[in-house]
Every structure is written in C-alpha cells, then in structure tokens.
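To start, the structure itself, in structure tokens.
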Amino acid sequence: MRSKRASELPSPSGGLPELFVSRLERLVRLRSEFEEHLNDLGVELLDRSIVATYRDCIETGAGVKAKALIGRLPNPGDFETP
C-alpha cells in the first residue's frame, strides 16, 4: 500500500501548512540560538531537519512563508531546494 504525500492528507482547521511553518520557524530559531554550541554533526542534523521541513512547507503550499523563514539564516541559499 502506497503512503500518502503530505499534500494528499486531509487538512484540519489550521491545517498542515501552518504545522510545517511553525515547525520550520522553531528549527530556524534553534539553529540561530544554538549554532555556536553544537558540534558539526549537530549542525548538520539540524540543517537536514530544516531542509526536510522546508520541503514539507513547499509541498503543502506554504512556500512563501517558508522562504521568508529561510531568509533569516546566514546562508539561505544553502537551504533552498529545486
């Protein structure tokens, strides 16, 4: 049985886009606040989480908000995906 993509799931009030945007906002904040305290692996894991959540935002139609959040990072181009 094929699993559903995020865009195919039912959207409760508030919906998935808001969930993913709030998750991305938290991850971006964590990276900004704790980057100096994390080792290279910690930063890499956080960056991978940011990219995955950014993609979720794009897929659910919250790309504009997601791009604004990514823009807060030091090298935003590193996080944007095709």
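Please treat every number below as a calculation from the coordinates, not as lab data. Model, not experiment: these values are computed from the prediction. Here Cβ is always computed from backbone atoms with ideal geometry, including for glycine, and neighbour counts include all displayed protein chains.
Some values worked out for this structure:
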quantity	calculated
Given charges at Cβ of Lys, Arg, Asp, Glu: the range 25-78 dipole, positive-most of 27, 45, 60	60
Residues of the range 53-74 with amide N under 16 Å of a point placed 7 Å along Cα→Cβ from residue 43	73-74
Which of 20, 34, 79 has the fewest Cβ neighbours within 10 Å, and the rest in rising order	34, 79, 20
Theoretical gain in end-to-end length, residue 30 to residue 78 [0.36 nm per residue, Cα-Cα removed]	15.6 nm
³J(HN,Hα) computed for each position of the range 53-70 - Karplus, 6.51 cos²θ - 1.76 cosθ + 1.60, integer Hz, glycine/proline x	6, 4, 4, 4, 4, 4, 5, 9, x, 9, x, 5, 5, 5, 5, 5, 5, 4
Which of 56, 40, 78 has the fewest Cβ neighbours within 10 Å, and the rest in rising order	40, 78, 56
